[in-house]
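Visitor: My questions all concern the structure below.
No value in this document is a laboratory result; all are computed from the given coordinates. The model shown is predicted, which means the values in this text are computed figures rather than measured ones. Every residue, glycine as well, gets a Cβ built from its backbone with ideal geometry; the counts of neighbours run over all protein chains shown.
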């Protein structure tokens, strides 16, 4: 019987993480299971640093953003940086040691709450003999095999409110306002917010854009007396003849299976080009981490609680090696092996992503109501 379960929150913070923890803990306690939280994601797992979680620890956290367990997106237990005797930086696989520590401390199961790469590491620990349950997490909504991830709807709410606020300034001054939102490889947030906020143009990673098309849309609006426009740009959007906007590359973390490329500047680039080509006053706003912080919306609180509670139920029923998911509106689970897909190399970051379906409802709706997607 399962008596002791660990839980960790890995990767970037996300609205709903605390609700997941709360749902898991309350379900566990009502079934006589002890729960411990590893601090700072996989860093806590590597250092064997955890705390006991009870009703007091999860009381009053359902609405709060962030995570009471803290998080870390810079640790890969399968490739830990060390300096060898020659003074060279090398990457060492510590996963076997971590797996042994978990067994020694009596953990019957580990719940991993994370995105694409974190879930891949969870699957890899499963291959090391650890019982793992995964919970998909990302505001980008790009984890495959689930209709939606928690945090996404909160991020869309924040981005939509930003559009509403930018619109009044755009109308008052007759300006072009560009809003850059998160969306590294997938444009779910940008497209949903553009529809909800009534934007005129939306540029997403899945559709390399032609800036002339955007300008055509701006000019058509001006011809009808609407001398302002709202343009939503995902951070990973790129022009047809160009590349994504990279802010910096941090060290050589890529060798450790971590994504070291930091994006930024897509919105500013679009704004400068429009102003240069049209002479129209154009301003850019980047939401950045604002989309990930603050209180969690009601939808995400409910979804997160479902995910956390069901993840613990899978632990109790000893249905290991699964990821909780919502498919066709139904709460269920799928194999972590299926989530990892063809990426079978242990310790390597995952590359499975759920991109915006160009033939799906969101894209087709945007086109029907006249939102220019830059193509």
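Visitor: Quick check: the angle from helix 211-223's long axis to the longest principal axis of the chain, C-alpha only, nearest 10 degrees?
Guide: So the inclination is approximately 50 degrees.
Visitor: If you don't mind, there's one more thing I want to ask. May I ask you to list the residues of region 109-144 whose amide nitrogen lies under 17 Å from a point 7 Å from Cα along the Cα→beta-carbon direction of residue 246?
Guide: No residues fall inside that zone.
Visitor: Could you give log10 I(q)/I(0) at q = 0.12, 0.14 Å⁻¹ for the chain, computed by the Debye formula over C-alpha point scatterers of equal weight, without solvent?
Guide: Each listed q maps to, in turn, -0.88, -1.11.
Visitor: GNM on the chain, C-alpha springs below 10 Å: top fluctuator among 183, 37, 129?
Guide: 129
Visitor: For n ≥ 4 DSSP H runs only, could you compute -39500 (n - 2.57) per run for the chain, divide by its residues and tell me the 222 nm figure to the nearest 500?
Guide: Values: 12 runs with 135 residues, N = 375.
Taken over the chain, the calculation gives -11000 deg cm²/dmol.
Visitor: Next up: Per 0.36 nm of contour for each residue apart, how much would the distance between residue 365 and residue 212 grow if the chain were fully extended, relative to their Cα-Cα spacing? Mind showing how you got there, number by number?
Guide: Values: separation 153, 0.36 × 153 = 55.08 nm, distance 2.19 nm.
Using 0.36 nm per residue and subtracting the Cα-Cα distance, I get 52.9 nm.
Visitor: Next question. Which residue, 236, 288, 264, tops the fluctuation ranking in a GNM of the chain built on C-alpha contacts under 10 Å?
Guide: 288
Visitor: If r is the Cβ-Cβ distance from residue 319 to residue 104 and R0 is 25 Å, what FRET efficiency results, to the nearest 0.05? Can you show the working numbers first?
Guide: Working: r = 24 Å, r/R0 = 0.96.
Taking R0 as 25 Å, the efficiency between residue 319 and residue 104 is 0.55.
Visitor: Which residue fluctuates the most in the chain, going by a Gaussian network model with Cα springs under 10 Å, if the choices are 156, 83, 58?
Guide: 83
Visitor: Can you list the residues of region 13-37 with backbone N under 11 Å from a point 7 Å past the Cα of residue 331, pointing along Cα to Cβ?
Guide: Hits in region 13-37 for residue 331 at 11 Å: 23-24, 27.
Visitor: Once both axes come from the Cα atoms, what is the angle between helix 152-173 and the longest principal axis of the chain, in degrees from 0 to 90, rounded to 10?
Guide: Rounded to the nearest ten degrees, it is 20.
Visitor: Could you work out the relative contact order of the chain, using alpha carbon pairs under 8 angstrom and six or more residues apart, expressed as a whole percent?
Guide: Computed over the chain, the figure is 23 percent.
Visitor: Still on this structure, I have one more. By per-residue mean of other Cβ atoms within 10 Å, what is the highest-first order of 221-231, 8-18, 24-34?
Guide: Details: 221-231: 16.6, 8-18: 27.4, 24-34: 19.3.
Order by mean packing, descending: 8-18, 24-34, 221-231.
Visitor: Distance between the C-alpha centers of region 141-201 and region 41-96? Whole Å please.
Guide: Centre-to-centre (Cα) distance: 31 Å.
Visitor: Taking 0.36 nm per residue of sequence separation and subtracting the Cα-Cα distance, how much length would be gained by fully extending the chain between residue 96 and residue 223, in nm to one decimal? Each step should come with its number before you reach the end.
Guide: Numbers: separation 127, 0.36 × 127 = 45.72 nm, distance 6.61 nm.
Here the segment from residue 96 to residue 223 would lengthen by 39.1 nm.
Visitor: Of all beta bridges DSSP finds with both residues in the chain, what is the antiparallel percent, to the nearest 5? Write out the running numbers ahead of the final one.
Guide: Numbers: 17 of 50 bridges.
The antiparallel proportion sits near 35 percent.
Visitor: Expected output is a single nm value to one decimal: the length gained when fully extending between residue 49 and residue 82, i.e. 0.36 nm times separation in residues minus the C-alpha distance. What is it? Don't skip to the end; give the middle numbers.
Guide: On the way: separation 33, 0.36 × 33 = 11.88 nm, distance 1.97 nm.
Length gained, residue 49 through residue 82: 9.9 nm.
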